[in-house]
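To keep things clear, I will list the structure first and then write my remarks on it.
The values are calculated or read from the model by the stated rules, or taken from the named source; none is laboratory data. From a predicted model like this one, the values you see are computed outputs, not experimental measurements. Every residue, glycine as well, gets a Cβ built from its backbone with ideal geometry; the counts of neighbours run over all protein chains shown. The protein model used for the area step is the full one, side chains on, heavy atoms only, and it has no ligands, DNA or RNA in it. Shrake-Rupley method; radii C 1.70, N 1.55, O 1.52, S 1.80 Å.
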Amino acid sequence: EFSSGRGRLKQARLAGDRRDLYPHSLQFYLEPPTENISLVEFESFAIDRLKLLKVVENLGVSYVRNSDSYKTKLEFELRKLKFPYKALAEDDYEARRKDHISHFILRLAYCQSEDLRRWFLQQEMDLLRYRFNEVTDNLRQKFLEHVNLSFEAVSEDLKNELANELYTSTPGLSMTKVKEQMFYKVGLADAVDLFRARRVFIKDGFAYVPFKEIDVIVLSNYRTKLSKALALTARSLPSIQSDERLQPLLNHLSHSYIGPDYSVQKNTGKISLEQIDTLSVKSFPLCMRQLHKALRDNHHLRHGGRMQYGLFLKGIGLTLEQALEFWKKEFIRGKVDADKFDKGYAYSIRHSYGKEGRRTDYTPYSCMKIIMSNPPSQGDYHGCPFRHSDPELLKQKLQSYKIPPSGITQILELVKGMHYQLACQKYFELTHDVDNLGFSLNHPNQYFTESQRLLSGGRELKKELSNSGNSQQKSNSQESMNSNSTPTSSNTTADAELEGLEAYFTED
Ligand code: SF4
């Protein structure tokens, strides 16, 4: 059950009159939900919202917001995932309920760090902006009243009196438009974004905001409310963390990986060790290319790198025997002798293949896991270069990989906006000479598979991948739901198990 809400909500629930909870298809999500829901519904709502927010992020950098393509694609996604997509007056109760509950679940998952909060806030803001601009004027007005943002309309007389000032201080409005538009008197605190951008006329402590700019005010108000709510939720985290059913789920969500886990590969044993150098240049994402190069240069990787790279290699199809040979050959070229390798490192490799200890078959790390946890320190090569490298070093690296200057600029822009996976997608497009990836990148092994598919011109792999992706996703969610205490192969379990595994990586 969600934390207790206020009286009004509770009463509505008890009276069985839940439709009253959602008078509008838009929400500011001010009250947490108070009903009981099953863990299955909890997880599926959360995953759907995550998918939606990922699409919002992707569209936000690929299209001009509010352009037709942006709107069409977002509407398609909202419909597909069964979220409210237009201001439907009736019959979207289920969609509104899902919207409400899923927002609060992700709030729990995404309040846990500054990075997560910022990402969540940005996508939720974009989503609200789109929805707000889609509703009719009439419904918009009603919504504003509902969230106590009904501003005083400027009378026709006053508007005519100020017409010149309004025209000169409001970019994008002709004199005719000034005469046609409604203007509102808004307190300066609410209009700070417009004021800062010098896009509004100010008089006597009020901003005179044209109707078409009201969304800026609404969004600024929403941002303030949501940031505060996220900070408050973060403070109540200890009590949530003690809930053993929810905590693994929320952690899993905040690592936000919702695709196949690449633990089972059909091409196991199909890659030879001799191919790895070439593959690292052609088909490895930057994180793995960097690890491979560091390993070849230093004949050693510290444990964070061995975990990240070792599991990736396993995911692309290296057998246990190949992994042992690969790591040993490289390490004994450095300071580790064969005996030390066998005693200190071979065990951990067998362990990661599920042949030792608790015999867990470990899954390769997803992008979000790499981006969000265990940042590299001095002397480490793991992590995500788009997230963890200094931009200047990243630029030099991309230059050395012959990425054209315009591409580097685009990548650095995405990095600046903290869209690390999109920066990686751009890197993929540039290195594979394709315009539009047609998939959303979430996993280094997905990068590899897609690259191989493209380079070989084959379609079969894609088919296999999407089939296995669906079934994997399904089985993951079933596993984590059916056996809350002992799931066997979800990433959540792997996270917990890896903590055990790290004990075996005592040598740096
Ligand atoms: Fe690796 Fe993912 Fe970062 Fe790309 S986005 S470099 S695949 S962690």
Starting from the Cα of Lys98, draw a straight line to each of the lysines and keep only those under 25 Å, dropping any in the same chain fewer than 8 residues away. Lys10, Lys51, Lys54, Lys71, Lys73, Lys80, Lys82, Lys86, Lys142, Lys225, Lys228, Lys474
With the cut-off at 1.5 for a/c, could you classify segment 25-183 from its C-alpha gyration tensor as rounded, prolate or oblate? prolate
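Using a 1.4 Å probe on the protein heavy atoms, what percent of the accessible area of segment 80-184 belongs to carbon and sulfur? All intermediate terms of the calculation are to be shown ahead of the outcome.
Values: 2330 of 4940 Å².
Accessible surface attributable to carbon and sulfur in segment 80-184 totals 47 percent.
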Listed highest first by mean packing, meaning other Cβ atoms within 10 Å per residue, what order do 31-38, 367-374, 203-210 come in? 367-374, 203-210, 31-38
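With a 1.4 Å probe and all protein chains left in place, how much accessible area per residue does segment 146-216 have, in Å²?
With the other protein chains kept in place, segment 146-216 gives 56 Å² per residue.
Roughly how big is segment 164-226's charge dipole about its Cα centre, with Cβ charges of +1 (Lys, Arg) and -1 (Asp, Glu), in debye to the nearest 20?
It works out to roughly 80 debye.
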Taking θ = phi - 60°, what integer Hz values does the Karplus form 6.51 cos²θ - 1.76 cosθ + 1.60 yield along segment 292-300, in sequence order, with x for Gly and Pro? 5, 5, 4, 5, 5, 6, 9, 6, 6
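Hey, can you rank 415-422, 385-392, 433-440 by average C-beta count inside 10 Å, highest first? Walk me through the numbers before you get to the answer.
Working: 415-422: 19.1, 385-392: 17.4, 433-440: 11.1.
The peptides rank, most packed first, as 415-422, 385-392, 433-440.
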How much solvent-accessible surface does Phe76 expose, in Å² to the nearest 10, with a 1.4 Å probe and all protein chains in place? 120
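Which of the peptides 170-179, 242-251 is most tightly packed, and how do the rest follow, going by the mean number of other Cβ atoms within 10 Å of each residue?
Details: 170-179: 13.9, 242-251: 15.6.
In decreasing order of mean packing, 170-179, 242-251 become 242-251, 170-179.
Starting from the Kirkwood radius over alpha-carbon pairs of segment 146-216, derive D by Stokes-Einstein at 10 °C in a medium of 1.306 mPa s and give it in µm² s⁻¹.
Values: Rh = 12.0 Å.
The diffusion coefficient I find is 132 µm²/s.
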